[in-house]
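To start, the structure itself, in structure tokens.
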Amino acid sequence: MSTAVSEPLDNLQSLTTLTVLNASVALERGLAALKAGQTVFDLRHVLTVDSVAVSVMLAWQRAAQDAGVKLELKNLPPALQSLTKLYGVCSLLFPSSVALEPGAPAAPNPLHEEFAPVNAPETFFTKKTGLADDSASHHHH
């Protein structure tokens, strides 16, 4: 049957859930669709989602980038849209709408790194209050 070539287009339309229960199947299916040359994923039938859905969609995008193709995610149901907003990955999943460096939001916040050592403020605090002043300042080791 030569019609099999156009079959993959329905590959993701049959997805009705995208949760932790079927994430790996959905992921595989998406990757297979990409390999088959499908670059538009129609997700209108995906009604049940959880946070894993976002990871799966990001994985699809990464695979598409690696393959040098542009993946379009279309007809996302409201549940799926609100998840992408919640995780702030709209720009990663839909690069056309916002040109963001891939992976930029995931960079560790340098501010947090700076405040990791707690000992500095502590010594400053004890000196300032003068609690340990009498004994500490006169003993030089």
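The values are calculated or read from the model by the stated rules, or taken from the named source; none is laboratory data. Remember, predicted model here, so these are calculated numbers, not experimental data. With ideal geometry, Cβ positions are generated from the backbone for all residues, glycine too; neighbour counts draw on all protein chains shown.
Against the numbered list (1) closer than 17 Å to PHE41 by Cβ; (2) modelled with pLDDT of 85 or more, SER97 comes up short only at (2).
Scanning the range 23-49 for residues that are part of a helix (DSSP H, G or I) and of a type in the set (D, E, K, R), which turns out nearest to LYS70 (Cα to Cα)? Per the criteria, the residue is LYS35. The selection criterion, being over 20 Å from the mean Cα position of the chain (by Cα), modelled with pLDDT under 95 and more than 22 Å from THR16 (Cβ to Cβ), holds for LEU111. Here is a list of conditions, (1) of a type in the set (A, V, I, L, M); (2) loosely packed, with under 14 Cβ neighbours inside 10 Å; (3) in a loop (DSSP other than H, G, I, E, B); (4) modelled with pLDDT of 85 or more, and LEU76 meets all of them except one; can you say which number that is? All conditions pass for LEU76, except number (2).
Would you call LEU27 at negative phi and modelled with pLDDT under 90? No: the conditions fail for LEU27.
With respect to ALA120, determine if the residue is part of a loop (DSSP other than H, G, I, E, B), of a type in the set (Gly, Ala, Ser) and modelled with pLDDT under 90. Answer is no for this residue. Kindly list, by first and then second residue, each pair from a residue in the range 74-89 that is closer than 13 Å to VAL52 by Cα to a residue that is in a strand (DSSP E or B), limited to pairs with Cβ atoms under 6 Å and residues at least 6 apart or on different chains. Pairs found: ALA79/VAL49; LEU80/VAL49; LEU83/VAL49. None of ALA26, ALA33 is in contact with a helix residue (DSSP H, G or I) (Cβ under 6 Å, 6 or more places away or on another chain) and more than 14 Å from LEU80 (Cβ to Cβ) except ALA33.
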